[in-house]
1. List every residue pair whose Cβ atoms sit under 7 Å apart, with the two residues 6 or more apart in sequence or on different chains, where the first one lies in the range 17-46 and is at positive phi and outside any helix (DSSP H, G or I) and the second, anywhere, is small (G, A, S) and at pLDDT 60 or above.
2. For the range 66-75, check the following and say yes or no: at least one residue is exposed (fewer than 13 other Cβ atoms within 10 Å of the Cβ), within 17 Å of K111 (Cβ to Cβ) and modelled with pLDDT under 95.
3. Which residue is farthest from the chain's Cα centre (by Cα), if the candidates are limited to the range 82-121 and must be polar (S, T, N, Q) and surrounded by 11 or more Cβ atoms within 10 Å (Cβ to Cβ)?
4. Condition first: more than 18 Å from P28 (Cα to Cα) and among the β-branched types (V, I, T). Now tell me which residues in the range 82-102 satisfy that.
5. Please name all residue pairs, on different chains or six or more residues apart, with Cβ atoms under 9 Å, provided the first residue is in the range 47-72 and is in a helix (DSSP H, G or I) and of a type in the set (A, V, I, L, M, F, W, C) and the second residue is exposed (fewer than 15 other Cβ atoms within 10 Å of the Cβ) and modelled with pLDDT under 90.
Amino acid sequence: MIIQPKSTFCPAIVLVLSALIAACSGGPDESAFVEACLKEGQRGANLLDQELGVTRDEFCKCGAAVAGSSLSADAYRAMILEMQGDGEEARAITSAMNETEQIAMLEVTGKMLETCAEGAQ
């Protein structure tokens, strides 16, 4: 005879583990994007700031929303890596992506500039 424990502890553990697995497989979040974007701005990519009077913080928050809603997890991660200055790892990810995903990255970059540069002023 097998005795089954009558505890709510086991289902709770399964629920917590499921949430952790889902969070880990989702890729970087918006805060990682914003942080990388802000760092990129500090490294000299401040043309937007100077020429257009765009607020970097607002641009990065807007860009995170645009990229997050439009890109695959891999493309989003590659974009963050590129902004962090890790071009080699970013290129490794993008080279493994199909052509449609690569084109989507270019389109999203343009969309970010168009949408966020105007809205962040």
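The values are calculated or read from the model by the stated rules, or taken from the named source; none is laboratory data. Quick caveat, the model's predicted, so the values are computed rather than measured. Ideal geometry is used to build each Cβ from the backbone, glycine not excepted, and the neighbour counts take in all protein chains shown.
1. G27/A73
2. The answer is yes; a qualifying residue exists.
3. Top of the filtered list is Q121.
4. Matches in the range 82-102: T100 only.
5. Between residues of the range 47-72 that are in a helix (DSSP H, G or I) and of a type in the set (A, V, I, L, M, F, W, C) and residues that are exposed (fewer than 15 other Cβ atoms within 10 Å of the Cβ) and modelled with pLDDT under 90, the close pairs are L52/E118; L52/Q121; F59/D49; F59/G119; C62/G119; A64/D29.
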